[in-house]
Each structure stands twice: as C-alpha cells, then as structure tokens.
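Inspection log for the structure reproduced underneath, given as structure tokens.
The values are calculated or read from the model by the stated rules, or taken from the named source; none is laboratory data. The structure displayed is predicted, hence computed values, not measured ones. We place every Cβ from the backbone using ideal geometry, glycine too, and count neighbours over all the protein chains shown.
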Amino acid sequence: MARARQTAMGREYARQLRGETVALENEAVRSYVDRVGRMLAAQMPGPQPSWEFTVAEMPACPAAQEPAALPGGFVFFPARLLAASRNESEFAAVVAHAVAHEVLHRMPVAAPEGSPAIPLVMLGGWTSDCRGRQSVPIGFAAALKKQEQDADALAWKALEAAGFDPRAVTSSVQRRVDSAATDAQRGEQEERLAALRALETAASPARQDSVEVEAARAEIRRFVEAQSPARRAPSLVRAKQP
Ligand SMILES: [Zn+2]
C-alpha cells in the first residue's frame, strides 16, 4: 500500500514536472534511453516499476546537474546533462544513477531525531538541485548525502554488470565539479567523488561507443542548442558585418 501511495505521488510530481519542462520528442532518443535504462535497472535489486524515461530541458532545475527520479519509475533527464557525456559509459552512468535513485526511494530512510517525517520522494534525485522549489529539513542533509553515495554505488555495480565502464561514474561526477555554478553544488559533487574513490577497481577494457548512443546524443545536443538561441554567440555574426 505504501508503494501504491509512493507511485501515486511520483505520478503527480511527474505531471507537474511535465508542465515545467520541454520534453525532447524523438524516437531514436526515446528508444535508446529506454533500452539502456531497463538494461541497468535489471541489474538492480527489487521489483521493476513501469519505467517512463523523459529527456527534457528543465528550467525548473537551473543547475541541471541531477535527473529527477520519481517513485513509480518516472525519470526526467536534463538534456544538458546527457549532452555533456563524452562516451557511452558516461551517458549510461547518468542513466544508472537516476535509476538507482528510484530503487532507493523504496528503501526506508530514518528521520533524524526531532525531525518531522517527510516524503521519501524528497530525498535524492530531485531536491539536490532544485532547492528553490522545496526545502529539506536541515537534519536530513546527512541522509541526502548518503542517498547520493548509495545511488553511485548501485550505479557502479549495474554499469559493470551491464558491460559499461563503471569508472564513467567518476568522470561524469568530475565534470559536474568542474561545471558547478555554486560552491554548494561543487561541494556536493566533491563529496560524491571522495566516496567514489573507494569503488575504483582495476581498469576495464576500452569500449567502442554504439551507433545508437551517437545518434541519440547528437539529437539531444541539437535539442539543447535549439533551447538556447542566445548561447549561439550572435555577437560573432554581428562582428563580421561592416
Ligand atoms: Zn543523485
């Protein structure tokens, strides 16, 4: 029953988020993300929800450093985050981390003493970068941190089992340290990096990117470009005129 309530909550948040984001409607992207997401989810514990993966421009989360993974399997990936992936394992690492959050939503999180009970949906996967929308009681900071590290550890194992290079989790988090907009964001990602060092394993063989990821990423990058015409350096065009 608790599970049904969580799924209903996830569905409602997903409905709200759909209204605040611009979804990328593209069959190649949809089918690739869906396939990778399900492949990674199959390596994680627990029953599978009916996944619904969406790639979108997410102005509600300006930092766009974290996918929104809602209970019930509704996952929103910031297009910019996927567009920034350098290879297929990094792309999969972002997907794996989000899927892991959904798995973790089903596990109980102890409330710190004296704190009010808050919905699990608020822990990890959404609030981490959308702080302006919902505030989390301060006592939950440690639980949030633990959720990020647990999600990374689950993602690591699933990537390895599915044939991706798990070290891509580390390189994709490193990218977020480098591109963090605030000290708080940088600090959060640095703590993830520190925990990831304990997971480093022997080098796995280099992997060739698939045709599918190349097509999907190219499509996502075109979409990101179309969302932000102001970023296409109009000053350069103007500079050429007499
Ligand atoms: Zn996370």
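Brief remarks on what is shown
- Of the helices (runs of 4 or more DSSP H) lying entirely inside segment 151-242, the ones with 1 or more residues being modelled with pLDDT of 85 or more and either within 30 Å of ALA42 (Cα to Cα) or touching a Pro at 6+ places or on another chain (Cβ under 6 Å) (or both) are found at 168-179, 183-196, 211-227.
- Qualifying strands (runs of 3 or more DSSP E) (wholly inside segment 15-100; at least 2 residues being buried (at least 18 other Cβ atoms within 10 Å of the Cβ) and within 14 Å of the ligand (Cβ to nearest atom)): 68-70, 74-78
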